[in-house]
1. When only Cα pairs under 8 Å and 6 or more residues apart are kept, what is the percent relative contact order across the range 119-271?
2. Given the options 224, 179, 254, which has the most mean-square fluctuation in a GNM of the chain, springs set between C-alpha atoms less than 10 angstrom apart?
3. Rank-order 39-52, 63-76 by packing density, defined as the average count of other C-beta atoms within 10 Å over each peptide's residues, highest first.
4. How far is helix 217-229 tilted off the main Cα axis of the chain, in degrees rounded to 10, range 0 to 90?
5. For a test of the definition: using alpha carbon positions, the gyration tensor, and the 1.5 limit on a/c, classify the range 217-261 as rounded, prolate or oblate.
6. Of the DSSP beta bridges with both residues in the chain, give the percent that are antiparallel, rounding to the nearest 5.
7. Once a ≥ b ≥ c are taken as the square roots of the eigenvalues of the Cα gyration tensor of the range 121-271, is the result rounded (a/c under 1.5), prolate (a/b larger than b/c) or oblate (a/b not larger than b/c)?
8. On C-alpha positions alone, give me the angle between the axis of helix 156-165 and the longest principal axis of the chain, in degrees, nearest 10.
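Read-outs throughout are calculated quantities, based only on the coordinates presented, and are distinct from any laboratory measurement. None of these values were measured; they are calculated from a predicted model. Positions of Cβ are generated from backbone atoms using ideal geometry, with glycine treated the same way; all protein chains shown enter the neighbour counts.
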C-alpha cells in the first residue's frame with residue numbers, strides 16, 4: 001500500500017473526500033452534502049493528490065468519482081468560502097496558475113478509464129470535473145451547467161472542453177445563458193453515456209466499471225493516452241505518435257491470445 005493511503009495526510013479531519021480501492025478500482029467520493037459537495041480549498045487539494053495517486057498507482061486500473069446525497073454531485077467552487085476570502089481581500093484562485101496543478105487537468109490526465117456517477121446537479125466546477133471524466137452515468141434528477149456568467153466567473157476548463165464534446169452552438173448557448181442541461185437532453189447530445197434511476201446509479205456504475213476492467217489494463221492505459229494526447233492532432237501525426245505503454249510487445253498480449261484460444265478468462269499481469 002502506498003504512503004498516501006497509509007497516512008491519509010491529504011485528507012482533512014472532516015473526511016470530506018473518501019478514497020477507497022477495491023479490486024483494481026479507485027472510488028473517490030466528495031462528502032460535503034450540507035454544502036452540495038462544493039469544492040473548498042481543502043477538498044481541491046485532496047482531490048488533486050488523490051488523482052495523482054490514481055494515475056501513478058499501477059494496482060489501480062480505473063476510477064469512479066461521485067458525491068454523497070441526492071441533491072448534487074458537486075455544486076462547483078465553494079462560494080461561501082470565496083466570499084470570505086474576498087472579504088479579507090485575499091487573492092482569488094486563477095485557473096492554470098499557482099503552486100498546485102489544476103484540478104480538472106489532473107483528472108483529465110489520469111491515463112486510465114475514469115467514470116463519473118452523477119448523483120445530482122453538476123454545476124460550474126462540478127460540471128468541469130464531470131467533463132474531465134471519460135464516461136458519465138447520471139441519475140434522472142441530474143442537471144449539468146455553467147452558471148459562471150451569472151456570477152462573473154470564467155469556467156476556464158469548461159469553456160474549452162464543452163464545445164469539443166457537443167455541438168458548438170449548443171455549448172455556447174449553455175455557457176452564454178447559464179441555463180442548465182437536464183439529464184435527458186445531455187444524453188441526447190452525447191454528454192452522458194447513460195441515464196438511470198437514482199437507486200440504480202451506483203449498481204449500474206459498478207457493473208459498467210467491472211466490465212471495463214475485465215480487459216487488459218495496459219491496453220486501457222494505451223487507449224487513454226492516445227485519446228487524450230492525440231486530441232486535436234492531425235490523424236497522420238497522431239497515428240505515428242505512439243503515446244502510452246506498448247501493448248503489442250507485452251506479456252498481457254501473449255496471455256490474451258492464449259486465453260482466447262484456450263477459451264478461458266485471461267489473467268492480466270499489467271505488463
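1. Result for the range 119-271 is 20 percent.
2. Fluctuation is largest for 254.
3. On the way: 39-52: 20.5, 63-76: 23.6.
Result, highest mean first: 63-76, 39-52.
4. 50 degrees
5. prolate
6. 30 percent
7. Numbers: a/c = 3.21, a/b = 1.66, b/c = 1.93.
Judged from the Cα gyration tensor, the range 121-271 comes out oblate (a/c at least 1.5, b/c at or above a/b).
8. 50 degrees
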